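The values are calculated or read from the model by the stated rules, or taken from the named source; none is laboratory data. It should be emphasised that the depicted structure is a prediction, and the values quoted were computed from it without experimental measurement. All Cβ positions, even for glycine, are placed from backbone atoms using ideal geometry, and neighbour counts span all protein chains on display.
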Amino acid sequence: MLRHFLNKPMVVRCAERCMRGRVRSPAVALMVAILFAISAHAAEVIPPTPSAYFNDYAGVVSKEAASRFNEQLAQFERDTSDQVVVAVFPKMQSESDIADYTQRVAQAWGVGQKGRRNGVVLFVFIQDRKMFIQVGYGLEGALPDVSAFNITEYVIKPPFVAGNYEAGLRAGINSILNTIRGEYKGSGATAREQRTTKRSPLWPLLFFGGLLLLSFLGGLHRTARRGFGISSKGSGWTIDWGNVLFFWLNLFLSGSSSRGGGGSSSSSSGFSSGGGSFGGGGAGSTW
Amino acid sequence: MNKFALGCGVLIAILLFVVVVAAIAIGGNYNRLVRLQQAVDQSWAQVQNVYQRRADLIPNLVNTVSGAANFEKSTLVEVTNARASVGRVQMQLDPNKAPTDAAQLEQFQAAQGQLSNALSRLLVVSERYPELKANQNFLSLQAQLEGTENRISVERGNFNKTVQDYNVAVRSFPTNLIAGMLGFPPKPFFNAQPGAEKPPPVQFNFGTPAPAPAATP
């Protein structure tokens with residue numbers, strides 16, 4: 001376990017870190033920022049925010065287990081408001097240290113609620129044989145680095161070494177949840193569920209009114225341009241009801257067809273960022 | 001006469017308008033600068049916080065390590081001295097306000113850098129003591145120390161980001177015209193440690209027994 005420490009002594013890591021803060025004047029700062037943006041862009045990929053709690057991009061876990069884990073983590077957010085996300089990647093897309101890289105990713109995803117900052121992300125990189133638990137600011141007390149290290153080293157690692165990823169992830173998720181349970185109380189809904197229910201009733205009304213106006217305008221326009229409406233002799237400013245009907249029919253048809261396509265994703269519990277932030281807490285292991 | 005009065009009135013109105021617009025502009029800029037400065041001070045407090053966390057871990061670490069049979073005393077002395085010098089430098093800094101003097105920040109950084117070096121040397125040396133590697137207390141301290149180093153890196157990055165936002169605001173036109181008057185000097189960043197731009201030399205030390213076989217998982 002001490003090998004990763006030897007591989008990258010603190011001096012090297014410090015050097016990597018300090019490079020980021022190496023700026024003297026605004027002009028130099030800008031140049032350095034651009035250079036780093038380019039080099040970081042070439043070397044490092046921050047994956048987009050996932051839409052599920054459990055994300056197996058490496059395909060090491062069965063479909064049923066994945067959806068079970070996902071449901072377990074969604075229910076945990078309803079109960080405690082803590083957002084726990086698991087991301088299994090085939091490979092780390094960065095040259096930096098795993099602790100630095102996963103901090104940036106977790107921060108970009110905004111896991112955890114905004115005020116409580118209670119997010120945890122378990123990153124696993126299969127080909128690199130590395131994993132890391134990133135702990136949000138608000139859970140550093142409940143899940144200190146030592147606990148995170150114990151979970152990766154003594155709970156997840158043994159099954160991983162044996163090649164059983166599903167068992168390792170199950171045990172890891174369970175012990176993370178057990179460790180942080182009780183720190184916060186949930187509202188009974190996930191961030192995504194709250195967002196959809198909290199929407200003001202005025203907006204759909206306004207939206208509908210806008211559509212109605214649009215459909216009438218559409219009808220009006222057509223007849224005016226054609227010059228001969230059914231009932232128009234002089235001005236032509238009348239509404240073509242056939243056109244209006246056509247507009248609504250079209251809308252409903254396209255609406256129902258698109259809903260049919262994307263229906264499967266809304267049935268399972270989806271993850272939505274709560275806006276949490278990360279300060280580098282957590283620990284990881286290699287296997 | 002009447003015309004003259006009218007002209008005067010218009011002139012006064014124009015002047016008043018200009019003054020009001022200038023006041024609004026200066027007020028808005030002032031408020032923005034205050035907000036940015038507040039962000040810098042807050043991130044500075046966070047930096048101090050994580051460095052303090054590291055300093056608090058050290059007595060425990062030193063105690064645990066010195067318990068190991070005939071542990072090299074020189075590395076321990078080095079860590080203790082570095083921590084003391086960090087304390088001395090910190091005494092001169094206001095914990096609630098980010099430093100405005102580049103030399104002061106440089107000094108702070110140098111002291112912390114020395115402590116980082118001493119600590120990493122201590123951890124490397126401790127690899128040679130199997131007794132320590134089996135010690136649960138030492139392992140947990142090591143995990144905490146590593147986590148603290150990660151936090152330091154994150155907070156330093158955040159600090160540099162907020163200072164950059166602040167400095168851009170202070171130095172760009174037209175805010176730069178009033179920033180000096182209102183007392184908003186540009187603030188220094190954390191710089192790279194001297195020598196950080198070149199990779200550390202790799203030394204193959206065949207004289208001492210390598211700990212690598214024992215460290216494989």
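Picking from residues in segment A:74-109 that are among the hydroxyl-bearing types (S, T, Y) and more than 16 Å from A:P47 (Cβ to Cβ), the one that is surrounded by the fewest Cβ atoms within 10 Å (Cβ to Cβ) is A:T80.
As a summary of the residue check, A:Q194 satisfies the conditions (1) modelled with pLDDT of 75 or more; (2) in contact with a helix residue (DSSP H, G or I) (Cβ under 9 Å, 6 or more places away or on another chain) except for the one numbered (2). The residue that is nearest to B:V40 (Cα to Cα), counting only those in segment B:98-113 that are surrounded by 18 or more Cβ atoms within 10 Å (Cβ to Cβ) and in contact (Cβ under 8 Å) with a residue 24 or more places away in the chain, is B:A98. Report whether or not B:A110 is more than 11 Å from every other protein chain (Cβ to nearest Cβ) and at pLDDT 85 or above. So B:A110 fits the description; yes.
Residues that are more than 16 Å from B:G113 (Cα to Cα) and modelled with pLDDT of 90 or more do occur in segment B:168-179, at least one of them.
Taking segment B:84-97, which residues are farther than 15 Å from B:I58 by Cα and either exposed (fewer than 14 other Cβ atoms within 10 Å of the Cβ) or within 14 Å of chain A (Cβ to nearest Cβ) (or both)? Matches in segment B:84-97: B:R88, B:M91, B:Q92, B:D94, B:P95, B:N96, B:K97. Considering segment B:116-195, the qualifying helices (runs of 4 or more DSSP H), each wholly inside and each with 1 or more residues that are within 9 Å of another protein chain (Cβ to nearest Cβ), run over B:130-133, B:136-171. Condition check: within 14 Å of another protein chain (Cβ to nearest Cβ) and within 24 Å of the chain's Cα centre (by Cα). Does A:L139 satisfy that? For A:L139, the condition - within 14 Å of another protein chain (Cβ to nearest Cβ) and within 24 Å of the chain's Cα centre (by Cα) - is met.
Any residue in segment A:89-99 that is within 20 Å of A:E140 (Cβ to Cβ), modelled with pLDDT of 90 or more and not polar (S, T, N, Q)? There is at least one residue in segment A:89-99 that is within 20 Å of A:E140 (Cβ to Cβ), modelled with pLDDT of 90 or more and not polar (S, T, N, Q).
On inspection, B:S153 passes the criterion of being in contact with a strand residue (DSSP E or B) (Cβ under 7 Å, 6 or more places away or on another chain) and among the hydroxyl-bearing types (S, T, Y).
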